[in-house]
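Presented below is the structure to which this report refers.
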Amino acid sequence: MDEAERVPRARLLLPLLISVIAALAFNAWVLDPAHFFFADDWGWLERAQFHPWQETVHLFPTALYNDRPVGELLIRGLYDVFWLRHGAWNQVWLALHALNIALFVLLARHWLPPLRLALAGVLAACWFSTLTAVQWIGAAFDLVGATLVLGTLLAYQHAVLGGGRRWPWLLLSVVLHLAAIRTKEFALGMVAVLAVWEFVLLRRDGLRERCLRLAPHILLAAVFVVRYATLYRTQHAALESGAYGLSLTASGLLEGIGWYFAQAFYAFVPGSNETHIGIGLAFAACVAALACCSRVGIASLLSAMILMAAVLLLGKQRHPLYLYVPHFFIALALCAPFQRRGLADAALALLVALLLYWPVHTGFLRDARNFALIKGGYSKTLFYDYATLMQRGKPASPVTIAVSEAYFDPFSWGSGDALRIYHDDKSIQVRILVAKEGVDPCADAAGSCFVERQGHLTRVR
């Protein structure tokens, strides 16, 4: 249960470099030219194109879901700089992941010796099942949310442990906490994470000083909890009827824990991509047992569960994307126990190697990457075909487009957001059809008509 001594700066450099290089090398596949915009990427790009920024920037939320101005401002800024040059977007997302790994290593340096620090950093950098956010532009809110969560905790920790003037770091932690809340709603739980860190791990100064440090974060969280509670009373009916309805039952909570730990530890039902809930709960129990062997592990696992709390209740909407932020703390919990025992170091190195090798051995990593690149290449081909066909003018609206794979094509999202963005014309109406053999999709089309043939888009009229 003893704390590890702080890693000296000279010995911090190697774990930091190893972890960041691992993050860049392992995830470099996202820079493949076939990795293109997908699904609700187009929705956020459409907002950047047509909606004034004043609709985005407001301190308090006006909607329960997707009112996330900090992440949206990032998308807007990058859109102004890069437009639809998808390669540049992917480079920024990879760089943000590397930044998150660097922040994580700096945070963990106080609690892990150099070998453990390197193992934790490499695991967080390359734990494939938890890294969906790195490959998805629409996941900006989880990717940047992790940056702000780790930044908040790092600033707060430095204020407590760093010595010298504390108030600038405490102020920075409050500002980053506010930005995190306005990036994604899970950050409301950061006040509980900070309290766990303060009372379980940091344990500096008296009770009064600790409470004073936490007070601004408590006030900040309370204000936003009240605001979201007010919105819930007026908007919950629409939310409950959709995919984001809450499941407030013990069985639903356990099922959520089992699902996410099964996803993280590759516990898939043979012959399918469905997760094995029972095995997932067994993995969760093993992680909890290891975490309970040290204060670092206890604080880290509690932090992960707090940040997962909201999505555990979304019984209709489970996605591996939501593992990105908590996976940093799960990695830290796994690397924390029995730090002074060489046998434990060897066992941990084996565990990390197994978690990195298993998706390679089973083909999961290959299949998941190929899926993203094949579907991305398909979407990119159709979009560039359209751009080539229409480089000299706009189509007559309404536009009919027949494709072989609706949803994976670039046009389905928003019923033609990609076309409206490309032409900078919000008035264009688009109808998407799935091409069927022997059926002419252009027979009843009133305006322009495009048909996918042998993987390429052709213009019929």
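The values are calculated or read from the model by the stated rules, or taken from the named source; none is laboratory data. All values reported here derive from a predicted model rather than from experimental measurement. Virtual Cβ from ideal backbone geometry, glycine too; neighbours counted across all protein chains shown. These accessible areas exclude ligands, DNA and RNA; they are computed on the full protein's heavy atoms, side chains included. Shrake-Rupley method; radii C 1.70, N 1.55, O 1.52, S 1.80 Å.
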* To do: Spot the failing condition for Ala118; the list is (1) open to solvent by 30 Å² or more (accessible area, probe 1.4 Å); (2) closer than 21 Å to Asn27 by Cα; (3) touching a residue at least 60 places away in the same chain (Cβ under 8 Å); (4) of a type outside the set (Asp, Glu), and only one is missed.
  => (1)
* Close pairs from region 191-214: first within 18 Å of Leu332 (Cα to Cα) and at pLDDT 90 or above, partner of a type outside the set (Ser, Thr, Tyr) and open to solvent by 70 Å² or more (accessible area, probe 1.4 Å), Cβ under 7 Å, at least 6 apart -> Val196/Leu302
* Matching residues in region 187-209 - criterion: being farther than 21 Å from Gly297 by Cα and either under 26 Å from the mean Cα position of the chain (by Cα) or in a helix (DSSP H, G or I) (or both) -> Leu188, Leu207, Arg208, Glu209
* Asked: Any idea which residue in region 267-287 is nearest to the chain's Cα centre (by Cα), counting only those that are at pLDDT 95 or above and either surrounded by fewer than 17 Cβ atoms within 10 Å (Cβ to Cβ) or aromatic (Phe, Trp, Tyr) (or both)?
  -> Phe283
* To do: May I ask you to say which residue of Leu143, Leu112 is assigned to a helix (DSSP H, G or I) and open to solvent by less than 10 Å² (accessible area, probe 1.4 Å)?
  => Leu143
* To do: Would you confirm whether any residue within region 441-455 is at pLDDT below 95, out of contact with any helix residue (DSSP H, G or I) (no Cβ under 7 Å at 6 or more places or on another chain) and under 26 Å from Gly87 (Cα atoms)?
  => yes
* Could you please let me know if Gln391 is in a loop (DSSP other than H, G, I, E, B) and surrounded by fewer than 20 Cβ atoms within 10 Å (Cβ to Cβ)? => yes
* Structure fact -> Over region 31-46, the set of residues among the hydrophobic types (A, V, I, L, M, F, W, C), outside any helix (DSSP H, G or I) and open to solvent by less than 20 Å² (accessible area, probe 1.4 Å) is Phe36, Phe37, Ala39
* Candidates Gly145, Gly151, Gly163 - the one that is over 30 Å from His35 (Cα atoms) and out of contact with any strand residue (DSSP E or B) (no Cβ under 7 Å at 6 or more places or on another chain) -> Gly163
* Is it true that some residue in region 151-174 is aromatic (Phe, Trp, Tyr), modelled with pLDDT of 95 or more and buried (at least 20 other Cβ atoms within 10 Å of the Cβ)? -> yes
* Extreme residue, modelled with the lowest pLDDT, among residues of region 317-343 that are in a helix (DSSP H, G or I) and open to solvent by 20 Å² or more (accessible area, probe 1.4 Å) -> Gly342
* Mind counting the residues in region 49-66 that are open to solvent by less than 20 Å² (accessible area, probe 1.4 Å) and either among the polar types (S, T, N, Q) or in contact with a His (Cβ under 8 Å, 6 or more places away or on another chain) (or both)? => 1
* To do: List every residue pair whose Cβ atoms sit under 9 Å apart, with the two residues 6 or more apart in sequence or on different chains, where the first one lies in region 428-441 and is touching a residue at least 12 places away in the same chain (Cβ under 8 Å) and open to solvent by 90 Å² or more (accessible area, probe 1.4 Å) and the second, anywhere, is part of a loop (DSSP other than H, G, I, E, B) and among the hydroxyl-bearing types (Ser, Thr, Tyr).
  => Gln429/Ser397
* Asked: So Ile181 fits all but one of (1) at pLDDT 95 or above; (2) farther than 19 Å from Phe60 by Cα; (3) of a type in the set (Val, Ile, Thr); what number is the exception?
  -> (2)
* Based on what the data block shows, is Phe408 open to solvent by less than 60 Å² (accessible area, probe 1.4 Å), assigned to a helix (DSSP H, G or I) and under 30 Å from Phe186 (Cα atoms)? -> no
* To do: Look through Ile421, Ile374 and report the one residue that is in contact (Cβ under 8 Å) with a residue 60 or more places away in the chain, open to solvent by 80 Å² or more (accessible area, probe 1.4 Å) and of a type in the set (A, V, I, L, M).
  => Ile374
* In region 425-461, which residues are farther than 25 Å from Glu46 by Cβ and in a loop (DSSP other than H, G, I, E, B)? -> Lys436, Glu437, Gly438, Val439, Asp440, Cys442, Ala443, Asp444, Gln454, Gly455, Val460, Arg461
* Asked: Hey, among Leu123, Leu103, which residue is open to solvent by 20 Å² or more (accessible area, probe 1.4 Å) and either part of a loop (DSSP other than H, G, I, E, B) or touching a helix residue (DSSP H, G or I) at 6+ places or on another chain (Cβ under 7 Å) (or both)?
  -> Leu103
* For Leu103: the one exception among (1) touching a Gly at 6+ places or on another chain (Cβ under 7 Å); (2) touching a residue at least 60 places away in the same chain (Cβ under 8 Å) -> (2)
* Asked: Among the residues of region 50-100, how many are among the hydroxyl-bearing types (Ser, Thr, Tyr), in a loop (DSSP other than H, G, I, E, B) and in contact with a helix residue (DSSP H, G or I) (Cβ under 6 Å, 6 or more places away or on another chain)?
  -> 1
